[in-house]
Every structure is written in C-alpha cells, then in structure tokens.
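Asker: Before we start, here is the structure in question, set down as structure tokens.
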Amino acid sequence: MLNIVIFGAPGSGKGTQSEKLIENYHLFHISTGDVLRDHTRRGTELGKTARTYMDQGQLIPDELMIDILASVLDEHRDEAKNGVIFDGFPRTIPQAEALERMLSERGTGVHHVVGLEVPDEELVVRLVKRGQLSGRSDDNEETIKKRIAVYHNLTAPLKEFYQERGLYRLIRGTGTIDGIFEDIKKALD
Ligand code: AP5
Ligand code: MG
C-alpha cells in the first residue's frame, strides 16, 4: 500500500503529476477540488455550498471537508486497496491531523508527501492561461491571487508538519512535466 499526498499551491501541477502517478503506481486518485466541482455540476446542496467558497478563493470549512473525504474513502474502499493519491487534501493542519486519524483507523498512514514548489509569478501565469481555455470559475486573476494568499496562510504551514514527520519530499515544480515526474519517481523509489 502506498499513500501519497501531492502537495503544492494552486497551479503547482498537482493534477498534472497525479495523472502520471496513477499510470505508474496504479493508485486511486482523490482530488477534493474535483469532488467539489462534480457536486457543483450536479447542483447538489453540498455543491451549492462549496461553490460560494470556491468562487471566493476560500477553503471549504474543515469539518465539512473532513466528512467529505471520509465518505469518499469509504465509498471507494476496494479501489483504494493499493493506495491513494491525495490531491488537494489536506490543506490545513486540522485536515492533516484528521487524515492521520482516518488512515490509522484503517491500518495505514501517509507514506510520502510530494511537495511541488513553484514561484508565485509562474502560478499566476499558468492559471490565467488555463482560465482562458477551461472556464474554471476560480481561474480569474482576482480569485487566483486570493487562492495563492490562502495557500500561504493556511496550507504552506503543512510543509513543516510533514518535515517533522520525515515525509516531505521537495520537488522543483518548474520545467517540463516529464522532467518533474522523473524527479518524483526518484524521490519515491
Ligand atoms: P483544487 O481543485 O484543489 O485547486 P487548486 O489547489 O487551486 O489547484 P489547481 O487544481 O488549480 O492546480 P494544480 O496544482 O492541480 O495544477 P494543475 O496540474 O491543474 O481546489 C479548488 C478549490 O476547492 C479551493 O480553492 C477550495 O475552495 C476548494 N477545496 C479543494 N480542496 C479543499 C480542501 N481540502 N479544503 C478546503 N477547500 C478545498 O496545473 C495547472 C496548470 O498548469 C494547467 O493548465 C497545467 O497544464 C499547467 N502545468 C502543469 N504543470 C506544468 C509545467 N510543468 N509547466 C507549465 N505548465 C504546467
Ligand atoms: Mg488540481
């Protein structure tokens, strides 16, 4: 079993590198952003609530987010047998503590945290560009800047949390997608 947290700012390449990890390691991918966007598309109550936070570049409250993650894990117990890539979770210290609890209750834990580090200026360029193509409602310059600020305030402290546990693998997140993936593989093997 291999549980990987793919960690980094908005636009750092978490989704992009997750796809390559899935191919190589046959893991189950949980992107909390994708889970929430699926709910907003289907117009569920959760989706409506989530949308108000996402469009402001703010985080969904921890308690709600932790419940969502627990139910995704339970729903996909079989597919998650080989391990999980957690993409976009945890994003706060309480979420990281909850993940430790949830995994230990299931007899496992986090094995690696892949930290993609990319300068803020490059994040903005990438996300503005994606906004022009994808139409993701939070990919406009104003919201992008808020998301990056939220990352620095609430999410970046997790780097130290995982360094203290010896799990943080720093990866330079700039350069080619394949080159970055090679560095990730080296860090994991
Ligand atoms: P989420 O969906 O997780 O978005 P995000 O963290 O803002 O990150 P992105 O998905 O935009 O970027 P990414 O790192 O996946 O990069 P990607 O590979 O796409 O969360 C959205 C919202 O949901 C949050 O703001 C929050 O409201 C809510 N939420 C989600 N999880 C939550 C939680 N746990 N708690 C509370 N709230 C939560 O790449 C970005 C772009 O760059 C792409 O166009 C890609 O093609 C390009 N790119 C990738 N790699 C490279 C490269 N090496 N060189 C050049 N371009 C590249
Ligand atoms: Mg993503």
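The values are calculated or read from the model by the stated rules, or taken from the named source; none is laboratory data. Note that the structure is a prediction, hence the values are computed from the model and not measured. Cβ coordinates were reconstructed from backbone atoms using ideal geometry, including for glycine residues, and neighbour counts include every protein chain displayed. In case anyone asks, the SASA skips ligands and DNA or RNA and just uses the protein heavy atoms, side chains included. Shrake-Rupley method; radii C 1.70, N 1.55, O 1.52, S 1.80 Å.
Asker: In segment 54-67, which residue that is within 16 Å of ligand 2 (Cβ to nearest atom) and in a helix (DSSP H, G or I) is surrounded by the most Cβ atoms within 10 Å (Cβ to Cβ)?
Answerer: Here the answer is Met65.
Asker: Additional query: Find all pairs meeting these conditions: Cβ atoms under 6 angstrom apart; at least six residues apart or on different chains; first residue within segment 158-185 and among the small types (Gly, Ala, Ser); second residue open to solvent by 60 Å² or more (accessible area, probe 1.4 Å).
Answerer: Once the first residue is among the small types (Gly, Ala, Ser) and sits in segment 158-185, its partners that are open to solvent by 60 Å² or more (accessible area, probe 1.4 Å) give Gly173/Glu117.
Asker: Then there's this: Would you tally the residues in segment 24-39 being under 18 Å from the mean Cα position of the chain (by Cα) and more than 15 Å from ligand 2 (Cβ to nearest atom)?
Answerer: Within segment 24-39, residues that are under 18 Å from the mean Cα position of the chain (by Cα) and more than 15 Å from ligand 2 (Cβ to nearest atom) number 5.
Asker: Also, I was wondering about something else. Restricting to segment 19-33, what's the tally of residues that are in contact (Cβ under 8 Å) with a residue 40 or more places away in the chain and part of a helix (DSSP H, G or I)?
Answerer: At the first step, the residues of segment 19-33 found to be in contact (Cβ under 8 Å) with a residue 40 or more places away in the chain are 20-22, 24-33.
Now restrict to residues that are part of a helix (DSSP H, G or I): 20-22, 24-25, 32-33.
Selection size over segment 19-33: 7.
Asker: OK, next. Take segment 121-159 and flag every residue that is under 22 Å from Gln95 (Cα atoms) and among the basic types (Lys, Arg).
Answerer: Within segment 121-159, Lys146, Arg147, Lys159 meet the criteria.
Asker: Could you tell me which of the residues Leu99, Leu59 is aliphatic (A, V, I, L, M) and closer than 23 Å to Glu19 by Cα?
Answerer: Answer to the check: Leu99.
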